[in-house]
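Here is the structure we will look at, set down as structure tokens.
Values in this text are rule-based calculations from the coordinates and carry no lab data. Fair warning: this is a prediction, and the values are worked out from it, not measured in the lab. Neighbour counts run over all protein chains shown; Cβ positions are idealised from the backbone, glycine included.
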Number of protein chains: 2
Amino acid sequence: MKLSAFGRKFTADAGITSLMDDLGNALASGDDMIMMGGGNPGQVPEVQERLTEILTGMTQDPAAMTRLVGIYDPPQGEKQFIASLADLLNREYGWGLTEENIALTNGSQAAFFMLFNMFAGDFGEGNHKHILLPLAPEYNGYADAGIAPELFRAVRPEISFTGPHEFKYRVDFGALDVTPDTGAICVSRPTNPTGNVVTDLEMAGLESLARQHDIPLIIDGAYGMPFPSLLYVDAQPHWNEQIILCLSLSKLGLPAARTGIVIAAPQVIRALSGINAIMNLATGSFGAMMADPLVRSGEILSLSRDVICPFYKRKMEHAVTVFTEAMGDEGQWYVHKPEGAMFLWLWFPDLPVSSLELYQRLKAKGVLVVSGHYFFPGLAEDGWRHRHECIRVTYSQDDAQVAEGLRRIAQEVKAIRAEYP
Amino acid sequence: MKLSAFGRKFTADAGITSLMDDLGNALASGDDMIMMGGGNPGQVPEVQERLTEILTGMTQDPAAMTRLVGIYDPPQGEKQFIASLADLLNREYGWGLTEENIALTNGSQAAFFMLFNMFAGDFGEGNHKHILLPLAPEYNGYADAGIAPELFRAVRPEISFTGPHEFKYRVDFGALDVTPDTGAICVSRPTNPTGNVVTDLEMAGLESLARQHDIPLIIDGAYGMPFPSLLYVDAQPHWNEQIILCLSLSKLGLPAARTGIVIAAPQVIRALSGINAIMNLATGSFGAMMADPLVRSGEILSLSRDVICPFYKRKMEHAVTVFTEAMGDEGQWYVHKPEGAMFLWLWFPDLPVSSLELYQRLKAKGVLVVSGHYFFPGLAEDGWRHRHECIRVTYSQDDAQVAEGLRRIAQEVKAIRAEYP
């Protein structure tokens, strides 16, 4: 099989592909594996019930059924949902949106693929631009999304210690270098993999940099504001035309519906819709139609705030408690301040083995996590040991399993340290 | 807004984008427009009922609901549906498929985007390959799908006259030039826009060429075999590892679900799934889960053969009768032999205005069609008048509207000829 440069690049041993393969093989190898690797959201009973109710309503309404299965949406996405969402966000936050400010995509990942390649890569005449990731570690799903090579530049964070076994990454504005070759700045908030919530002040700094250089600030709000709102600290939702805000219905409980939402200036939305038409003809209607009643009534915000956020916050607190107990005060270990999302980011300074080896040893012990080294797209290999000392652990699934998994992690880290005294 | 080469190429005035815009604007301009431009399938009551029944069943089964909304599918697509489909096709046609031969995508268009760019475009070291379209006219949705420029090469067809007002395109094997720069051959069957069904003999010829040159033959079966089977002539479903067969649930009645199906050699499926992981993370579950019961029971074949095919065949016969009556024997006019799909391809030799102008005049008369000149991707402008003498007319919607639309087309063609005597 002879593949083009595109084909070869996208089938090379990409971080995300090997990760997916490994997850798949681990799953196939037996059902006693504790899955703390993926990003699948938990099942929130209230959400599940409400979605079932909405879908049952549609099955009893032939006109709704026809729209749900039988009519192509426009490339910009389902019109009614877009109108409802603009209304809600204007009502709640006064963002002054029109329907020209919103496009839907087949999931967030598809939105990032299009946005990154629109704003960076080959600009012709030998010019090449990059996406600046101001705060490594950052989501590994970005890493391979560039059609052009070396699409990302990342910057090491500042590390501040916020507790005896807790730290927080901060944007190192001194190290942040926006150049004429920077096509856009992108940050996830809350951050996948760390659960960090970049502060309002840091966001203002990034927005101001973007404005100075006349480039967009892309905010990946897949876990963020205003929904699904997996934030355990105070932070403000914020948008204006300098910002491309990417939201998702996945962590709300609809990952299988593949619905991404992009809120941006009309010219960005027009370009994105045009690219979407060529790549996908149209987006699916399912997610938009399922969420539309929740958006019209505003429930999407109250469910996020009163049900979904507390569901994950409790899981996070449980996970931290279990892990803290299991580690005790033996050896150096830190959890990134768990401010949002559904991950603990564990850092074991001076661990005698790499995070990749730790991952493999944990797999052998029946616990699947993700090695942290995948989460530094755009950061040149610079001998920084820290990037090989962290793992990402998902706490969205069953509490007892999560607890058992965390205890095995603690045990294994201690065993490794005992092996290399 | 500064866009990359990718961004500029994909937001340029692409045929499909301007077409979609024009369709959208026409729709917005009032509801008395007769829509014969798009490719939306008709509403087949039996299919609608069966889908409603299936979906109602899922809403009553919490485990099914969880899978439908709450769990990411793997990048290759929903496993149960893939297994059921492999079983069905083996049972019916003995293709010897395993689950490694099938991948799902978010619609056919997404599959073609990935396949075309995998097998053609930049191959490094100055090499550039193309996709060979052996039978122009061909689907305009392909035209803009290349990341690299000039991705397609097309060949003029032979034209044979099959009735007083009927013709059929045939592959001109003498003109077909497969070179070392041909990455793949691609043909839609039935053909969008013409309703042509490339014969079994022609297909064998194309497959043999593909085999000789060790490149895949991509068959776009969105309207074809074994489902939804919009074929009004005899033809055989056929697959082996030389072939990449692309199917879709859209024309079966699920366009809003965006489910494309690719059947190919395992290494093609692996590559496609890897690219899909990077571009989309996962495919949606909705279409696969809706169709799974139909595939398991084999109903997808019986519904296609006994309900969907006759539904469109009757519409086709009605459309041809109406148009034949309306045109009479005045002036030269031909319908492409309507062997499949949901389009009439009308040819008006020596029409004094271009098909684009005819389209505009028809729009002013309240009938939306598609100018045929969009459907010659990869065919160099060579002064061939024929490509500006045809229009595509969709007959999938309401019969009375279709009849009225066809009468207005006949009237306008006669009026134009009267204007330029």
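Between B:Gln212 and B:Val178, the modelled labels are 0.7 nm apart [label points 7 Å from Cα along Cα→Cβ]. Per-residue mean of foreign Cβ neighbours for B:259-268 is 1 (Cβ atoms of other chains, 10 Å radius). Summing Lys and Arg as +1 and Asp and Glu as -1 over all other residues whose Cβ lies under 9 Å from the Cβ of A:Pro137 gives a net charge of +1.
Legend: translational diffusion of the range B:63-151 by Stokes-Einstein, Rh = Kirkwood radius over C-alpha pairs, 4 °C, 1.567 mPa s; D = 81 µm²/s. Taking amide H as placed 1.01 Å from N in the peptide plane, A:Phe152 has its amide H under 5 Å from the amide H of A:Ile131, each at least 5 places away in sequence or on another chain.
In order along the range A:390-399, the Karplus-derived 3J(HN,Hα) couplings, from 6.51 cos²θ - 1.76 cosθ + 1.60 at θ = phi - 60°, round to 10, 9, 9, 10, 8, 10, 7, 8, 3, 4 Hz, and Gly and Pro are given as x.
B:His238 to B:Thr98: FRET efficiency via 1/(1 + (r/R0)^6), r the Cβ-Cβ distance, R0 22 Å, to the nearest 0.05? Once rounded, the FRET efficiency stands at 0.75. For the protein assembly as shown, the Cβ-based charge dipole about the Cα centre amounts to some 100 debye (Lys, Arg positive; Asp, Glu negative; other atoms uncharged). Using the structure shown, select from A:Lys315/B:Lys79; A:Lys251/A:Lys313; A:Lys315/A:Lys365 the pairs with a Cα to Cα distance greater than 21 angstrom. Over 21 Å Cα-Cα: A:Lys315/B:Lys79; A:Lys315/A:Lys365.
For the pair A:Arg385 and B:Asp398, label points projected 7 Å from Cα toward Cβ lie 7.5 nm apart.
The mean number of partner chain beta-carbon atoms within 10 angstrom of a residue's beta-carbon across peptide A:145-151 is 2. In the range A:73-298, a dipole from Cβ-located charges (positive for Lys and Arg, negative for Asp and Glu) runs towards its positive end, and of A:Gly163, A:Ser229, A:Phe123 it is A:Ser229 whose Cα lies farthest in that direction. Dipole of the protein assembly as shown computed with +1 at Lys/Arg Cβ and -1 at Asp/Glu Cβ about the Cα centre; of B:Gly378, A:Asn101, B:His336, farthest Cα towards the positive end is B:Gly378. Less than 5 angstrom separates the built amide H of B:Phe167 from those of B:Thr162, B:Val335, B:His336, B:Lys337, all sequence-distant by 5 or more or on a different chain. The tail of the calculated P(r) for the range A:238-282 beyond 17 Å holds 44 percent of all Cα-Cα pairs.
Within the set of other residues whose C-beta is less than 12 Å from the C-beta of B:Ala415, count the net charge using Lys and Arg as +1 and Asp and Glu as -1. Neighbour charge sum, excluding B:Ala415 itself: +2. With the label put 7 angstrom out from Cα along the Cα-to-Cβ vector, B:His238 ends up 6.3 nm from the copy partners, going from closest to farthest.
Quick check: convex hull of the Cα atoms in the range A:194-288, volume per residue, rounded to a whole Å³?
Working: hull volume 10.9 nm³, N = 95.
Here the figure is 115 Å³ per residue.
Counted residue by residue at 0.36 nm each, then reduced by the alpha carbon distance between them, the extension gain from B:Ala12 to B:Lys414 reaches 141.2 nm. Residues considered: A:Gln212, A:Gln401, A:Gln109. Largest GNM mean-square fluctuation over chain A, using C-alpha springs under 10 Å, is found at A:Gln212. Largest GNM mean-square fluctuation among B:Pro237, B:Pro134, B:Pro216, using chain B with Cα springs under 10 Å: B:Pro237.
When a footprinting reagent is the concern and you count Cβ atoms within 10 Å, what order do A:Tyr142, B:Tyr139, B:Tyr232 take, fewest first? Don't skip to the end; give the middle numbers.
Working: A:Tyr142 27, B:Tyr139 24, B:Tyr232 20.
So the residues, fewest neighbours to most, are B:Tyr232, B:Tyr139, A:Tyr142.
Note on chain B: with a GNM built from Cα contacts shorter than 10 Å, the maximum mean-square fluctuation among B:Met118, B:Met36, B:Met316 falls on B:Met118.
What the phi angles of the range A:254-266 give under the Karplus curve with 6.51, -1.76 and 1.60, with θ = phi - 60°, is a coupling list of 10, x, 6, 7, 6, 10, x, 10, 10, 10, 7, 4, x Hz, glycine and proline written as x.
What net charge is computed for the residues neighbouring A:Ser302, neighbours being all others with C-beta under 15 Å from the C-beta of A:Ser302, Lys and Arg scored +1, Asp and Glu -1?
On the way: positive: A:Arg50, A:Arg91, A:Arg296, A:Arg305; negative: A:Glu46, A:Glu49, A:Glu92, A:Glu299, A:Asp306.
Computed value for this residue: -1.
Taking all C-alpha pairs of chain A, those more than 36 Å from each other amount to 25 percent.
Quick check on the range B:240-313: what does the Kirkwood estimate of hydrodynamic radius come out to from the alpha carbon pairs, in Å? All intermediate terms of the calculation are to be shown ahead of the outcome.
Values: mean 1/r = 0.0721 Å⁻¹.
One over the average 1/r among Cα pairs gives 13.9 Å for the range B:240-313.
Relative to the Cα centre, the charge distribution of the range B:48-302, modelled as +1 at Lys and Arg Cβ and -1 at Asp and Glu Cβ, gives a dipole magnitude of about 280 debye. At q = 0.08, 0.13, 0.18 Å⁻¹, what log₁₀ I(q)/I(0) does a Debye calculation on the Cα points of the range A:73-298 give, no solvent, two decimals? With no solvent term, the Cα-only Debye profile gives -0.27, -0.74, -1.41.
Summary for A:Thr321: label point 7 Å along Cα→Cβ; distances to the equivalent points in the other copies, ascending, 7.6 nm. Starting from the label point of B:Pro310 at 7 Å along Cα→Cβ, the same points in the other copies fall at 5.7 nm, in ascending order. The modelled label-to-label distance for the pair B:Lys79/A:Glu325, using points 7 Å beyond Cα in the direction of Cβ, is 3.3 nm. Taking 20 Å as the straight-line reach from the Cα of B:Lys129, the lysines in range (excluding those fewer than 8 positions away in the same chain) are A:Lys2, A:Lys9, B:Lys9.
Using the alpha carbons alone, the radius of gyration of the protein assembly as shown stands to its Kirkwood radius in an Rg to Rh ratio of 0.98. Applying 1/(1 + (r/R0)^6) with R0 = 30 Å to the Cβ-Cβ distance of A:His128 and A:Ala204 gives a FRET efficiency near 0.55.
Taking every Cα-Cα distance in the range B:267-421 and sorting them into 10 Å bins from zero, the calculated P(r) comes out as 9, 29, 24, 20, 14, 3, 0 percent. Across the range B:307-319, rounded Karplus estimates of 3J(HN,Hα) from the backbone phi angles (6.51 cos²θ - 1.76 cosθ + 1.60, θ = phi - 60°) give 10, 6, 4, x, 4, 7, 4, 4, 4, 4, 4, 4, 5 Hz, Gly and Pro being marked x.
Around the amide H of A:Val370, modelled in the peptide plane, lie the amide H atoms of A:Arg392, all under 5 Å away and 5 or more residues distant in sequence or on another chain.
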